[in-house]
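One structure below.
The values are calculated or read from the model by the stated rules, or taken from the named source; none is laboratory data. The structure displayed is predicted, hence computed values, not measured ones. Please note: Cβ atoms are built from the backbone with ideal geometry, for glycine as well, and neighbour counts cover all protein chains shown.
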Amino acid sequence: GAVVSQHPSWVICKSGTSVKIECRSLDFQATTMFWYRQFPKQSLMLMATSNEGSKATYEQGVEKDKFLINHASLTLSTLTVTSAHPEDSSFYICSARHRGQFNSPLHFGNGTRLTVT
Amino acid sequence: QKEVEQNSGPLSVPEGAIASLNCTYSDRVSQSFFWYRQYSGKSPELIMSIYSNGDKEDGRFTAQLNKASQYVSLLIRDSQPSDSATYLCAVKSYNQGGKLIFGQGTELSVKP
């Protein structure tokens, strides 16, 4: 159980275009999903917290107009990288927390490797 | 001071030895502590979770938590080459709204 599916696993796009990444909890309801970004040889940096039915909470330094997050249901959150630039190339990973289980471990998706050319 | 700190390594141990990974955290009211393993190019996978002071053992892995010292560690007994990966310490607290804050990770290399 506790499977988180992330799609696509990799994407290459041209500079200036937008890319949407989906994160789904397959066998549980997730009121909260987290989006992380990881650059090579660095740790996971939290970008934003996505709450079902409400606006996402962004970490300091993360542009909310550039990284659009939608959490329309208890099993789906999407991250859209708008007007992507080469510096946005990174490994994006989502995670989800069981509804009502605050202290439970986060379950991670397999990540999306974004390359902007 | 970083919220969660780990030695970046690399930590190199021979096969069969004990690997010891350490982590300190700054938020004194942290409640939940996790160790994740991340292979190159992959997302993290949960190894251990620990919530109270003391030791918690699961197979070859033992997590140790000392809240007074704000210290959590992971011991890997009988290390195998397949254990070679980056180990991430993560901490969660109510003060952070349940966010999981990661350390920079320790790269472990187990030599055959």
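For B:D83, the conditions (1) within 13 Å of chain A (Cβ to nearest Cβ); (2) charged (D, E, K, R); (3) touching a Leu at 6+ places or on another chain (Cβ under 8 Å) all hold with the exception of (1). Only residues that are among the polar types (S, T, N, Q) and part of a strand (DSSP E or B) were counted across the stretch B:63-112, and they come to 7.
Kindly indicate whether A:S89 is among the polar types (S, T, N, Q), closer than 30 Å to B:G9 by Cβ and modelled with pLDDT of 95 or more. Answer is yes for this residue. Here A:S104, A:S73, A:S89 are screened, and the one residue that is facing chain B (nearest Cβ under 10 Å) and either in contact with a strand residue (DSSP E or B) (Cβ under 9 Å, 6 or more places away or on another chain) or not aliphatic (A, V, I, L, M) (or both) is A:S104.
For the stretch A:69-98, a residue qualifies if it is of a type in the set (A, V, I, L, M) and over 18 Å from A:K14 (Cα atoms), and the qualifying residues are A:I69, A:A72, A:L74, A:L76, A:I93, A:A96. Looking for something exposed (fewer than 12 other Cβ atoms within 10 Å of the Cβ), acidic (D, E) and closer than 19 Å to B:K99 by Cβ - is there at least one such residue anywhere in the stretch A:53-68? Within the stretch A:53-68, one or more residues are exposed (fewer than 12 other Cβ atoms within 10 Å of the Cβ), acidic (D, E) and closer than 19 Å to B:K99 by Cβ.
Among the residues of the stretch A:42-78, the one identified as part of a strand (DSSP E or B), more than 13 Å from the chain's Cα centre (by Cα) and of a type in the set (S, T, Y) is A:S73. Can you say whether B:L46 is without any contact (Cβ under 8 Å) to a residue 60 or more places away in the chain, away from chain A (no Cβ under 11 Å) and closer than 27 Å to A:C94 by Cα, as far as the supplied structure shows? In short, no. Scoring A:A72 on the criteria (1) farther than 16 Å from A:S25 by Cα; (2) surrounded by fewer than 19 Cβ atoms within 10 Å (Cβ to Cβ) leaves a single failure, condition (1). Residues in the stretch A:1-41 that are part of a strand (DSSP E or B), within 14 Å of chain B (Cβ to nearest Cβ) and surrounded by 18 or more Cβ atoms within 10 Å (Cβ to Cβ): A:V4, A:Q6, A:I21, A:C23, A:T32, A:M33, A:F34, A:W35, A:Y36, A:R37, A:Q38. Pull up the stretch B:1-43, narrow it to residues that are crowded, with 17+ Cβ neighbours inside 10 Å, closer than 17 Å to A:Y36 by Cα and within 11 Å of chain A (Cβ to nearest Cβ), then point me to the one that is farthest from the chain's Cα centre (by Cα). My answer is B:S43.
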